[in-house]
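The structure appears below as structure tokens.
The values are calculated or read from the model by the stated rules, or taken from the named source; none is laboratory data. In this text, all values refer to a predicted model and were calculated from it rather than measured experimentally. Cβ sites come from the backbone with ideal geometry, for glycine too, and all protein chains shown count toward neighbours. Only protein heavy atoms, including side chains, enter the accessible area calculation; ligands, DNA and RNA are left aside. Shrake-Rupley method; radii C 1.70, N 1.55, O 1.52, S 1.80 Å.
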Amino acid sequence: MNQIKIMIIILRLNHRIARDPRLSTHVALTARAFLADKIYYSGQKDSNLELSIKKVNEKFGSDFTIEYLQDPIKFLNENKNKFTIVHLTVYGLNVQDKINELRKKKNLIIIVGGEKVQPEYYKLADYNIAVTKQPISEVSALAIFLHLLNQGKELSNEFKNAKVKFLENEHGKILKFS
């Protein structure tokens, strides 16, 4: 049985260079490692963030891309008929109750917040999904959501165009260079 590849786009809201450089980088790295195709980010344009992700791709593989988005509301409105919009929020429906339904969707835009998320995003989302009913980092919420969505296939994924690979080893570090 052939499985249809879904397009997974992450939308990171309200990046702030002075406050979020590591957090936004970790959101992007998590998205990449957990098999998202692309991340858009809004807020302040940050060429260092973009360069950091491009360097990781060059070294460890992946076709994952990052792009700045000035108007995320316009972007969501323009893509509403092509993508299912999922907003990760503690106020949403339980992820376990909706994950099977979401796996059947062809293309997803997954919104992860930054600073306070405006009410428009809750209204634009087809699904407001809670990974937990407790305060949680957007990085961990994204990882858990993508892990459930992908049914764990990211855990054994290897990017074909990697120049460096991590090899399994119980005690220590082993890298393979190609």
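The table that follows gives values for the structure above.
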quantity: Checklist (1) part of a helix (DSSP H, G or I); (2) touching a Ser or Thr at 6+ places or on another chain (Cβ under 7 Å); (3) among the aromatic types (Phe, Trp, Tyr) applied to PHE159, failing item; calculated: (1)
quantity: Residue tally, condition touching a His at 6+ places or on another chain (Cβ under 9 Å) and not small (Gly, Ala, Ser), over region 110-137; calculated: 11
quantity: Residues located in region 139-173, provided they are open to solvent by less than 70 Å² (accessible area, probe 1.4 Å), hydrophobic (A, V, I, L, M, F, W, C) and farther than 16 Å from LEU29 by Cβ; calculated: LEU148, LEU149
quantity: Failed condition for GLY114, given (1) touching a Gly at 6+ places or on another chain (Cβ under 8 Å); (2) in a strand (DSSP E or B); (3) at pLDDT below 95; calculated: (2)
quantity: Filter result for ILE136 (part of a strand (DSSP E or B) and either out of contact with any helix residue (DSSP H, G or I) (no Cβ under 8 Å at 6 or more places or on another chain) or open to solvent by less than 60 Å² (accessible area, probe 1.4 Å) (or both)); calculated: no
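For every residue, the table says whether it meets (1) touching a Lys or Arg at 6+ places or on another chain (Cβ under 9 Å); (2) touching a residue at least 12 places away in the same chain (Cβ under 8 Å).
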position	(1), (2)
MET7	yes, yes
ASN14	yes, yes
ARG22	no, no
ALA28	yes, yes
GLN44	yes, yes
SER52	no, yes
GLN70	yes, yes
